[in-house]
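Student: This is the structure I want to talk about, given as structure tokens.
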Amino acid sequence: VFNAVSAFCNAGMDVIGPDSLSRYVGNPVVNITTMGLIILGGLGFPVWWNVLDVMKQRKRKRRTGRESLHYLSLNAKLVLFMTAFLIVVGAVLILILEFQNPATLGPLSFFDKIQAAFFQSVTTRTAGFCTISQSGLNKSTALVCCLLMFIGGYSRRNQNNDDGGTCINGCFHY
């Protein structure tokens, strides 16, 4: 229960031990559940409320998915887009940079490599879990992770929970 709450709150703590979730690197249930909690917790309540409101309206007024996107707030669109963008770009970079690394993704099956890369991309943004050795990462991958952590931690200065949206907002202000 503690890890579920920690994942949802993006608290950066786990009580499993020094290996964190490493023994579950090939377990899709644990990985997908933990990633889902991290992502949902990171979106923030204003985005949730907006998405739920649009979904209710869609159901009542029988709108298509594409029509419903028009009714999302700009904040929700930015947060959802940046969250997806950072997760996918981070996962692709981690997968490419660590594919042959015997200390991280190297010994895993292709499916497990993809799963571990996505998990690493999601969790580095502030959640604090890991399924692969952090000390075994290449320097280039560590830099990618540092950039994801910087963007993930950026929103904490503004006391809200929309990492990518706040980062984009910060870029517009500077």
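The values are calculated or read from the model by the stated rules, or taken from the named source; none is laboratory data. None of these values were measured; they are calculated from a predicted model. FYI the Cβ positions are ideal-geometry reconstructions off the backbone, even for glycines, and counts take in every protein chain you see. Protein only, heavy atoms only, side chains kept; ligands, DNA and RNA dropped before computing areas. Shrake-Rupley method; radii C 1.70, N 1.55, O 1.52, S 1.80 Å.
Student: When you go through (1) over 15 Å from the mean Cα position of the chain (by Cα); (2) open to solvent by 40 Å² or more (accessible area, probe 1.4 Å); (3) more than 18 Å from residue 149 (Cβ to Cβ) one by one for residue 72, which number turns out not to apply?
Tutor: (2)
Student: Are any residues in the range 17-45 closer than 18 Å to residue 121 by Cβ, surrounded by fewer than 17 Cβ atoms within 10 Å (Cβ to Cβ) and not aliphatic (A, V, I, L, M), and if so, which ones?
Tutor: 22, 26, 27, 28, 33, 36
Student: Do we have residue 141 as without any contact (Cβ under 8 Å) to a residue 40 or more places away in the chain and farther than 16 Å from residue 23 by Cα here? Steps first, answer last, please.
Tutor: Details: without any contact (Cβ under 8 Å) to a residue 40 or more places away in the chain: no; farther than 16 Å from residue 23 by Cα: yes.
Spelling it out, it is not the case that residue 141 is without any contact (Cβ under 8 Å) to a residue 40 or more places away in the chain and farther than 16 Å from residue 23 by Cα.
Student: Right, something else. Does the range 92-140 hold any residues that are crowded, with 20+ Cβ neighbours inside 10 Å, among the small types (Gly, Ala, Ser) and not in a loop (DSSP other than H, G, I, E, B), and which are they?
Tutor: Listed by number, the residues that qualify are 116, 117, 121.
Student: Modelled with pLDDT of 80 or more and either closer than 25 Å to residue 11 by Cα or part of a helix (DSSP H, G or I) (or both): is that true of residue 145 in this structure?
Tutor: Working: modelled with pLDDT of 80 or more: yes; either closer than 25 Å to residue 11 by Cα or part of a helix (DSSP H, G or I) (or both): yes.
Here the answer is yes, as residue 145 does meet what is asked.
Student: Would you confirm whether or not the range 46-63 contains a residue that is over 26 Å from residue 104 (Cα atoms), in contact with a Cys (Cβ under 8 Å, 6 or more places away or on another chain) and crowded, with 17+ Cβ neighbours inside 10 Å?
Tutor: Looking for residues that are over 26 Å from residue 104 (Cα atoms), in contact with a Cys (Cβ under 8 Å, 6 or more places away or on another chain) and crowded, with 17+ Cβ neighbours inside 10 Å, one finds none in the range 46-63, hence no.
Student: Does the range 21-35 contain any residue that is of a type outside the set (Val, Ile, Thr) and within 29 Å of residue 73 (Cα to Cα)? It would help to see each step written out before you state the result.
Tutor: In the first step, residues of the range 21-35 are kept if they are of a type outside the set (Val, Ile, Thr); the result is 21-24, 26-28, 31, 35.
Okay, now just the ones that are also within 29 Å of residue 73 (Cα to Cα), so 35.
Yes, that holds for at least one residue.
Student: I'd like to check something: does the range 3-16 contain any residue that is of a type in the set (D, E, K, R), open to solvent by less than 60 Å² (accessible area, probe 1.4 Å) and assigned to a loop (DSSP other than H, G, I, E, B)?
Tutor: Filtering the range 3-16 for residues of a type in the set (D, E, K, R) gives 14.
Those left that are additionally open to solvent by less than 60 Å² (accessible area, probe 1.4 Å): 14.
Now drop any that are not assigned to a loop (DSSP other than H, G, I, E, B), which leaves 14.
Yes, that holds for at least one residue.
Student: Cβ-Cβ under 6 Å, sequence separation 6+ or interchain: first residue in the range 39-59 and touching a residue at least 12 places away in the same chain (Cβ under 8 Å) and in a helix (DSSP H, G or I), partner among the acidic types (Asp, Glu) and surrounded by 20 or more Cβ atoms within 10 Å (Cβ to Cβ). Which pairs?
Tutor: 42/163
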